[in-house]
Ligand SMILES: NC(=O)c1ccc[n+]([C@@H]2O[C@H](COP(=O)([O-])OP(=O)(O)OC[C@H]3O[C@@H](n4cnc5c(N)ncnc54)[C@H](OP(=O)(O)O)[C@@H]3O)[C@@H](O)[C@H]2O)c1
């Protein structure tokens, strides 16, 4: 029986981590009910996983915080199955290889594609891509990663902006919106962003080069009338809610609307994508001859490499700009996600978990 008077010497935490090789992971601690709070998550300590032939073990440098993570905390299915309580949050990461049983990856290489809010991850090497030395590793989670590819796929496959058209983009200072807008400007369109503050709007116009930006917290309808007097040819939908409704009312004939995300609804108790009053009516589609199409970036996996090949030189020469917000420490990831769902982030939201190796930019 345990005798409380006997004290066992405890090894310092640092020593335990070095000898026993433990990692930290963020898991779903309880099912959320409506708006999330950080106590929906818990940080747990685990032993490093053993890797098998073909696998790679990485130490996480950056972990991504993305709005879609809110949807998978619920029970049931959105476009993918929800997590079970106790499951690790499956965020994208950039990491450095610490053990490799895959011929394409040597120790020390920086790679992207390992999934999970954890300090150390084991992944089949076939799912990883090397991050080249001449771009900042964090860009592989933002402008050159999943959000950038989402912007490219939604804008080119569905939006198809043409010179002289008016394109409106919500969540315009985020990685998807900012990239989508710059793609539309390259096509010669007039691009109007919608964002949640004066500061965000200033970045969208002055740095990202949009032709205008509307703060959706102030007179949204009046500002849309002023900046889009002839209506909207392409609406890149990132948020839904009242913002989405206001823009969709202004569609022109033959408008295109890529439905990329509906972040304004993600915290709703009954969020299923089907429970809400439709913002788009069949009559609207008919009268405007509009094309409104939802898409998930993973449906066209070939777009990832295609986008990186196209956009890497633009990022290197500075003609495609991006903004990042980096918070330090994996334990800050839950609070960061909570803030992102109410617009408190400004730019691609990342958690820095370890220092970037010095041979990288
Ligand atoms: N379909 C796909 O495959 C795919 C892939 C990646 C991302 N997405 C979606 O793309 C969208 C943008 O993603 P991101 O990573 O670039 O996010 P983000 O812009 O960095 O963050 C989300 C932004 O949404 C805005 N927002 C939050 N609540 C809102 C509300 N109630 N009304 C209006 N705006 C609100 C906020 O910006 P403001 O303060 O500016 O309003 C917030 O900063 C999300 O909906 C995401 O789920 C879809």
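None of the figures in this text is laboratory data; all of them are computed from the coordinates on show. This structure is a prediction, so every number in the text was calculated from the model and none was measured. Positions of Cβ are generated from backbone atoms using ideal geometry, with glycine treated the same way; all protein chains shown enter the neighbour counts.
Output the peptides 318-328, 58-68, 157-167 sorted from most to least packed, where packing is the average of other Cβ atoms within 10 Å over each peptide's residues.
On the way: 318-328: 15.5, 58-68: 23.5, 157-167: 18.8.
Answer by packing, highest mean first, reads 58-68, 157-167, 318-328.
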What is the stretch 146-299 by shape, rounded, prolate or oblate, if you read a ≥ b ≥ c off the alpha carbon gyration tensor as root eigenvalues and call it rounded for a/c under 1.5, prolate for a/b larger than b/c, and oblate otherwise?
rounded
Ordered by packing density, taken as the mean number of other Cβ atoms within 10 Å over each peptide's residues, highest first, how do 200-213, 39-52 rank?
200-213, 39-52
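Sorted by mean Cβ packing within 10 Å, highest first, what order do the peptides 290-299, 129-138, 253-262 take? Mind showing how you got there, number by number?
Values: 290-299: 15.8, 129-138: 17.3, 253-262: 21.8.
Packing proxy ranking, top to bottom: 253-262, 129-138, 290-299.
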Per-residue Cβ neighbour rank within 10 angstrom, fewest leading, 72, 192
72, 192
With R₀ set to 35 angstrom, the calculated FRET efficiency between the beta-carbons of residue 160 and residue 50, to the nearest 0.05, is 0.15
Let me have the relative contact order for the chain, percent, based on Cα pairs under 8 Å that are six or more residues apart.
18 percent
Taking Rh as the Kirkwood radius computed over alpha-carbon pairs of the chain and applying Stokes-Einstein at 10 °C with viscosity 1.306 mPa s, one gets a diffusion coefficient in µm² s⁻¹ of 73 µm²/s
Computed E for residue 77/residue 35 - FRET, C-beta separation, R0 35 angstrom, nearest 0.05
0.95
On a C-alpha basis, how far is the centre of the stretch 137-205 from the centre of the stretch 33-96 in Å? Whole number, if you could?
27 Å
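How would the stretch 73-181 be classified by its alpha-carbon gyration tensor: rounded, prolate or oblate, with rounded meaning a/c under 1.5 and the a/b versus b/c comparison settling the rest?
On the way: a/c = 2.67, a/b = 1.44, b/c = 1.85.
Oblate shape, in that a/c is at least 1.5 and b/c is the bigger or equal ratio.
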Between residue 186 and residue 331, what FRET efficiency follows from the Cβ-Cβ distance if R0 is 30 Å, with the result rounded to 0.05?
0.15
Taking the chain as a Gaussian network, where each spring joins two C-alpha atoms under 10 Å apart, which residue of 170, 342, 281 fluctuates the most?
281
As a test, work out the antiparallel percent of DSSP beta bridges whose residues both lie in the chain, rounded to the nearest 5.
55 percent
